[in-house]
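Novice: Here it is: the structure, laid out below.
Values in this text are rule-based calculations from the coordinates and carry no lab data. Just so it is clear, the model here is predicted, and its values are computed rather than measured. Using ideal geometry, Cβ is built from the backbone for each residue, glycine included, and neighbour counts are taken over all protein chains shown.
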Amino acid sequence: MTATILKRQFITDAAGNPVGVILPLEEFALVEKILEERFPTSGEADKLERMKQAAHDPLFLEDLHETMSAFAEVDNEWWERTR
């Protein structure tokens with residue numbers, strides 16, 4: 001049995017600029033408290049407000065439409081058809 005070794009993985013935007021990083025859990029544990037202090041998680045009211053805004057965000061709606069279209073294709077290919 002081989003062990004899985006995780007390393008930092010950088011997330012880049014379309015232009016190749018680094019915008020984020022995926023950390024192994026051991027490394028995340030080292031910085032978790034600092035991140036929570038600097039970037040507190042938003043409350044329920046803030047999350048609800050962002051959900052309301054998403055309904056009018058053209059990029060979100062375009063992404064949603066693309067995702068739903070892809071799922072419709074896969075569903076059509078893989079689900080059993082009723083006769």
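Novice: Quick check: residue separation of D46 and T67 times 0.36 nm, minus the Cα distance between them. What number comes out in nm?
Specialist: Result: 5.1 nm gained on full extension.
Novice: For K33, list the lysines whose Cα falls under 27 Å from its own Cα; do not include residues on the same chain fewer than 8 positions away.
Specialist: K33 reaches K7, K47.
Novice: In addition: Near L23, within a Cβ-to-Cβ distance under 15 Å, what is the net charge of the other residues, with Lys and Arg +1 and Asp and Glu -1?
Specialist: Here the charged neighbours net out to -1.
Novice: May I ask you to evaluate 6.51 cos²θ - 1.76 cosθ + 1.60, the Karplus curve with θ = phi - 60°, for each residue of segment 6-13 and list the ³J(HN,Hα) values in order in whole Hz, giving x for glycine and proline?
Specialist: Once rounded to whole Hz, the list reads 9, 10, 4, 10, 8, 9, 10, 7.
Novice: With Cβ to Cβ distances under 14 Å as the rule, what net charge do the other residues near M51 carry (K, R +1; D, E -1)?
Specialist: Residues near M51 contribute -1 overall.
Novice: Also, I was wondering about something else. Tabulate in residue order the Karplus-calculated ³J(HN,Hα) for segment 67-76, using 6.51 cos²θ - 1.76 cosθ + 1.60 with θ = phi - 60°, rounded to whole Hz; enter x for Gly and Pro.
Specialist: 5, 5, 5, 5, 5, 4, 4, 5, 4, 5
Novice: Next question. Using Cα-Cα distances under 8 Å and only pairs 6 or more residues apart, what relative contact order does the chain have, in percent?
Specialist: Contact order relative to length: 13 percent.
Novice: Out of these labelled values of Cα Rg over 2.2 N^0.38 Å, (1) 0.97; (2) 1.97; (3) 1.66, which was calculated from the coordinates shown here?
Specialist: The calculated read-out lines up with (3).
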